[in-house]
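Step one of this worksheet: look at the structure below.
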Amino acid sequence: MARRSTKTPPPDDSYEEKILDIDVVDEMQGSFLEYAYSVIYSRALPDARDGLKPVHRRIVYQMSEMGLRPERGYVKCARVVGEVMGKLHPHGDASIYDALVRMAQSFSMRVPLVDGHGNFGSLGNDDPPAAMRYTECRMAEATSLMTDSIDEDTVDFGPNYDGQEREPVALPAAFPNLLVNGASGIAVGMATNMPPHNLREVIAAARHLIRHPNADLEALMKHVPGPDLPTGGRIVGLPGIRDAYETGRGTFKIRATVSVETVTARRKGLVVTELPFAVGPEKVIAKIKDLVGSKKLQGIADVKDLTDREHGLRLVIEIKNGFVPEAVLEQLYKLTPMEESFGINNVALVDGQPLTLGLKELLEVYLDHRFTVVRRRSEFRRSKKRDRLHLVEGLLTALVDIDEVIRLIRSSENSAQAKQRLMDQFSLSDVQTQYILDTPLRRLTKYDRIELESEKERLNAEIEELSRILDSDAELRKLVSNELAAVAKKFGTDRRTTLLESGGVPVAAVPLQVADDPCRVLLSSTGLLARTANAEPLVVEAGAKRAKHDLIVSAVAATARGEVGVVTSGGRLLRVNVVDLPQLPESMPAPNLSGGAPLAEFVSLEDDENVVCLTTLDESSPGLALGTEQGVVKRVVPDYPSHKDELEVITLKEGDRIVGGAELRSGEEDLVFITDDAQLLRYQASQVRAQGRPAGGVAGIKLADGAKVISFTAVDPAAEAVVFTVAGSRGTLDDSVQTTAKLTPFDQYPRKGRATGGVRCQRFLKGEDCLAFAWAGPTPALAAQKNGTPAQLPDIDPRRDGSGVSLPKTVSVVAGPV
């Protein structure tokens, strides 16, 4: 097989060879500059007017041209990509679809411009979007603001890549899209990276700048304090934001939004509900597992991703018992993507040139563009209305002498003659005459004439209004401001990102593990558990304002890494690890367990069982005193085997239950029984012999027929104490309706022997036949309703067996100092 010759054929004598001698440096410089300009202007940088790169602008404009309005059905994304690529965009379909996907992601844009249907990816691109042949799209509701009035000569149009189509050089943009949605891109020799902002805040700043053109940066930052990212989070480092708003360049840190919660019955966890911008949960989980595996991160038991469409992001990081969640969180901020830096670089095109712009400059460029759009729109509308008014005036002129008009038309040889005769006879213009000739006879009725006159008046008023706007710069600025306000009202949302001055407590200042320091464990009347930061009792200041969940019904001394017991009405003692309980702030001025955790997170109760009190598990204590509904009393020997999480502290008779219990501190306290038939019995605890845990107790009070114990407490006889009782009437199912209440000094009640009947503590009035509630304990006594809302106690009545007074609010629980 012959090989084809690769030699250059001899030159033709008729061909004159031309060789240009060009310096390679000049050629490379010129070619590079052309390429750089093309990338900067046509691909990578957004326009400061509408905040869009060419590909985004072409997608939005083409979707508008295709009629993909929010109220219409979805179409395949492949169809939109094909239309954009075939008519406007000279690059491949991949770049178009990537841009379209980003405009549909609510976690990428603060105000998405595309309403997507299907899989458009996930945060951090952990789950990439589906192919464009599967997904569907249409314009988002806010996207119409970008193209609104584009057909009213509001913006300039230029040729597309082959000169066969026309495309806008910028969209009208009825809201500051560049600041609201941000932008990112890498050009040649420069890049842009702009964070999203809150629509309401940006528009408020723009309106302030309209009213005060000379406003400084401080005034604008009162409206726009910082970025507002779609994924929320917390921004740390406000000085960097101010630098960016002033110079166009700055850096700040974004932290995940994390709360410390009790995620299991015995374990706390860090619940992540918001991650830094463009960071996905899979990336965080992978980094945590890598750090735990390499032993660079301690204290983490498990990581669970509970994210779903209904509840949004929820990443649960379980903390091992004995580790301080706040300290572990600081380690996570330092070592994982839960804290990321964001470098602001506000580079955008202004009149075709890339400029670095501060906040005020960005707003000024947008407002200048918006003033131009509204001015051109007003001129276009005024021109259209003037043209219409010209036609209406001509038709009205003809209707005044319609018979003569008809006669002239009928007597004319042809339409041209008729047109000329009408123009001469009625002094009409060519356009007016042609409109009259084209008007059907059915428009010549009396009703149509009235309509035309009304239309003429309306057109004159609208033309006058448009002229007023065009003739007055103040009116134009007012109109733009009002339109921006309407956009903010309709599409504005609350801020998602929290702004923080600094990063909080350094890692070194918080020990990783909880020290075994003394503390107190508290139980509120609403069933919340918590521990204090130290062993000091909480003091309620006189006259201090009370809050919900501030009534502490039981408190015991403990250590942070120790255990306490929860005594139930069924006679059970359940162990609880103190380290698992949430800690109250050291600076808390008064008891308030609103930050506590529900009992159900630590113990499991039966349907008819409730918690009576807390007890220390110290075997050197005087023990635990219990009183039952059937009048049994028991002092429990403090013998609590450490290998059992559940113990029996009393053997109850059938139908009996514990109504009260108290941890004895000295063993010299007085035990107090109060029955529903208004009998109070008080005697020393030393009269009750301590018994082992399985014992059933001894007789504590002698009950009358049908009576039952409703309160059992232990009171220090050396302390000032009171007795509070509430009378009522028996209802159905053992319920009682409160009527009157009485507060009496405790020293008015004499001591009696154990198992006796006691003395009367309240006299019943008409309609009262029982005690609905009773309590005896130290002062100052505080009361609350069932939901924990504070309630008022009556004034002290020195009469032991006197009657009560009415209460403004129902009292369900009373407690003294803890």
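Each reported figure results from applying straightforward, stated rules to the coordinates on display, with no laboratory input. Everything numeric here is computed off the predicted structure, so don't read it as measured data. Don't worry about glycine lacking a Cβ; one is built from the backbone with ideal geometry, like all the others, and counts go over all protein chains shown.
In a DSSP loop and with at most 12 other Cβ atoms within 10 Å, the GluC sites (Glu not before Pro) in region 407-477 are GLU413. Taking a spot 7 Å from the Cα of GLN687 along the direction of its beta carbon, which residues of region 741-776 have an amide N less than 12 Å from it? Of the residues in region 741-776, 750-759 have backbone N under 12 Å from the label point off GLN687. Each Cα pair under 8 Å and six or more residues apart adds its separation to the average, and for the chain the resulting relative contact order is 9 percent. Counted over all Cα-Cα pairs of region 257-337, pairs farther apart than 19 Å make up 30 percent.
Taking other C-beta atoms within 10 angstrom as a stand-in for reagent exposure, SER108, SER642 fall in the order SER642, SER108, fewest first.
Restricting the calculation to Cα atoms, region 145-254 shows an Rg/Rh of 1.05 when the hydrodynamic-style radius is the Kirkwood one. Just so you know, the Rg over Rh for the chain is 1.20, from Cα atoms, with Rh as the Kirkwood radius. Its Cα centre serving as origin, the chain has a Cβ charge dipole (Lys and Arg +1, Asp and Glu -1) of approximately 1800 debye.
Note on region 99-166: Cα Rg divided by 2.2 N^0.38 Å, N the number of residues, gives 1.39. Take the Kirkwood radius over Cα pairs of region 359-448, plug it into Stokes-Einstein at 10 °C and 1.306 mPa s, and you get 101 µm²/s for translational diffusion.
Going from the fewest other Cβ atoms within 10 Å to the most, the residues GLU330, GLU65, GLU586 appear in the order GLU586, GLU65, GLU330. Within region 769-800, none of the trypsin sites (Lys or Arg not before Pro) combine a DSSP coil assignment with at most 10 other C-beta atoms in a 10 angstrom radius. Within the chain, the longest segment free of exposed loop sites, counting chymotrypsin sites (Phe, Trp or Tyr not before Pro) that fall outside DSSP classes H, G, I, E and B and have at most 16 other Cβ atoms within 10 Å, spans 162-818. Considering only GLN583, VAL303, ALA719, the residue lying farthest towards the positive end of the dipole of the chain is ALA719, judged by Cα position with unit charges set on Cβ. Normalised by residue number, the volume inside the convex hull of the Cα atoms of region 52-172 is 96 Å³ per residue.
Legend: Rg and Dmax of region 677-736, from Cα coordinates, 14.9, 41 Å. Which value, in nm² and rounded to one decimal, describes the direction-averaged projected area of the C-alpha convex hull of region 779-818? Taking the Cα atoms of region 779-818, their convex hull projects to 3.4 nm² on average. What angle, in degrees between 0 and 90 and rounded to the nearest 10, separates the Cα long axis of helix 238-247 from the longest principal axis of the Cα atoms of the chain? Helix 238-247 sits at roughly 10 degrees to that axis. Of all aspartates and glutamates in the structure, the ones whose alpha carbon falls short of 13 Å from that of LYS489, not counting any fewer than 8 places away in one chain, are GLU201.
Inter-part distance, region 352-415 to region 163-239, computed on C-alpha centroids, equals 33 Å. Normalised by the number of residues in region 571-648, the average gap of Cα pairs under 8 Å and 6 or more apart makes the relative contact order 35 percent. With the charge dipole of the chain set up from +1 on Lys and Arg Cβ and -1 on Asp and Glu Cβ about the Cα centre, the Cα lying farthest toward the positive end among the listed residues HIS208, GLY233, VAL263 is that of VAL263. In order along region 480-489, the Karplus-derived 3J(HN,Hα) couplings, from 6.51 cos²θ - 1.76 cosθ + 1.60 at θ = phi - 60°, round to 4, 5, 5, 5, 5, 4, 5, 5, 5, 5 Hz, and Gly and Pro are given as x.
The base-10 log of I(q)/I(0) for region 317-403, evaluated at q = 0.18 Å⁻¹, reads -0.91 [Debye formula, identical scatterers on Cα atoms, solvent excluded].
In the chain, helices alone account for a calculated mean residue ellipticity at 222 nm of -9000 deg cm²/dmol, with every DSSP H run of four or more residues adding -39,500 (n - 2.57).
Placing a label point 7 Å from the Cα of ALA486 along the Cα-to-Cβ direction, no residue of region 63-96 has its backbone N under 12 Å from that point. Across region 152-202, C-alpha contacts under 8 Å between residues 6 or more apart give a mean separation that, scaled by the residue count, equals a relative contact order of 25 percent. Centre-to-centre, using Cα atoms only, region 68-133 and region 767-818 are separated by 66 Å. Taking the longest Cα principal axis of the chain as reference, the axis of helix 199-211 is set at about 60 degrees. Calculated on the alpha-carbon coordinates, the convex hull of region 514-815 measures out at 129 cubic angstrom per residue. Quick one: go through region 547-570 and flag any residue whose amide nitrogen is under 12 Å from the point 7 Å out along the Cα-to-Cβ line of ASP516. Counting backbone N atoms under 12 Å from the label point, the list is 559-563. Principal-axis analysis of the Cα atoms of the chain puts helix 24-39 at an angle of about 60° to the longest axis. Lysine pairs in region 514-815 with Cα distance under 24 Å, only those 8 or more apart or on different chains: how many are there? Going through region 514-815 pair by pair, I get 26.
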